[in-house]
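The values are calculated or read from the model by the stated rules, or taken from the named source; none is laboratory data. Values in this document were obtained by computation on a predicted structure and should not be read as measured data. Cβ coordinates were reconstructed from backbone atoms using ideal geometry, including for glycine residues, and neighbour counts include every protein chain displayed.
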Amino acid sequence: MPFERNGQKFELIDTAGLRRKGKVFQAIEKFSVVKTLQAIADANVVLLLLDATQGVSDQDAHIAGYILESGRAVVLAVNKWDAVDDYQKQLLQRSIEQRLAFLKFAPVLNISAIKRQGLGPVWKAIADAHASATRKMPTGPVHFVPSCATRTRAA
């Protein structure tokens, strides 16, 4: 779905959420996973949406690994943050730190989609991730420095 926000153009690809094993037919689940992987491959920035009431599932960790392998910019958003108590929040933060340690560089934002809380910072994080991922880095001149093994001795 193409749309514009604050003068910036976006295209949102919603994978409609992946379901846990046993909750859908296997063929539908496989199709959903394939479509998600295609969406990640086509994206500039991936917003990985975690459910605070569910924690970090094996499937979340697997998709996060694929995002990293694909070289995509990523932002983590934890939805339903308002639906969990302080103890559950601490457990969830530890779970993210441990199970998604390879995404340590990605911002983690706590949101409540139903209450529309915390969404502004998500848009900023997406824009920042896109700018960082598409930044052109200048290449400097390459200088050759001979190592000890390649130096010749004068006789």
field: Sole residue being modelled with pLDDT under 80 and among the hydrophobic types (A, V, I, L, M, F, W, C), chosen from A16, A64
entry: A16
Positions within the range 103-138 being loosely packed, with under 13 Cβ neighbours inside 10 Å and farther than 23 Å from K9 by Cα, in sequence order: K104, F105, I114, K115, M137, P138
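Could you check the range 81-102 and list, in sequence order, the residues that are in a loop (DSSP other than H, G, I, E, B) and buried (at least 20 other Cβ atoms within 10 Å of the Cβ)?
Of the range 81-102, the ones in a loop (DSSP other than H, G, I, E, B) are 84-85, 100.
Listed by number, the list holds a single entry, L100.
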message: So, in the range 38-80, exactly how many residues are closer than 16 Å to F102 by Cβ, surrounded by fewer than 20 Cβ atoms within 10 Å (Cβ to Cβ), charged (D, E, K, R) and touching a strand residue (DSSP E or B) at 6+ places or on another chain (Cβ under 8 Å)?
response: 1
message: Considering only residues that are more than 21 Å from K9 (Cβ to Cβ) and among the β-branched types (V, I, T), which ones fall in the range 33-55?
response: V33, V34, T36, T53
- request: Identify all residues within the range 54-71 that are more than 18 Å from Q93 (Cα to Cα) and acidic (D, E); write none if there are none.
  value: E69
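Looking at the range 144-151, can you tell me whether even one residue there is of a type in the set (D, E, K, R), in a loop (DSSP other than H, G, I, E, B), at pLDDT below 90 and more than 20 Å from the chain's Cα centre (by Cα)? First the steps, then the outcome.
Start the filter on the range 144-151 by keeping residues that are of a type in the set (D, E, K, R), which leaves 151.
Going one step further and asking which of them are in a loop (DSSP other than H, G, I, E, B), we end up with 151.
Next cut, at pLDDT below 90 only: 151.
Of the ones still in play, those that are also more than 20 Å from the chain's Cα centre (by Cα) are 151.
Scanning the range 144-151, I find at least one residue that is of a type in the set (D, E, K, R), in a loop (DSSP other than H, G, I, E, B), at pLDDT below 90 and more than 20 Å from the chain's Cα centre (by Cα), so the answer is yes.
Identify the residue in the range 73-91 that is β-branched (V, I, T) and under 15 Å from D51 (Cβ atoms) and, among all such residues, is nearest to the chain's Cα centre (by Cα). Before the answer, list the steps.
Keep residues of the range 73-91 that are β-branched (V, I, T), which gives 74-75, 78, 84.
Of the ones still in play, those that are also under 15 Å from D51 (Cβ atoms) are 78, 84.
On the way: V78: 12, V84: 22 Å.
Among those that are β-branched (V, I, T) and under 15 Å from D51 (Cβ atoms), it is V78.
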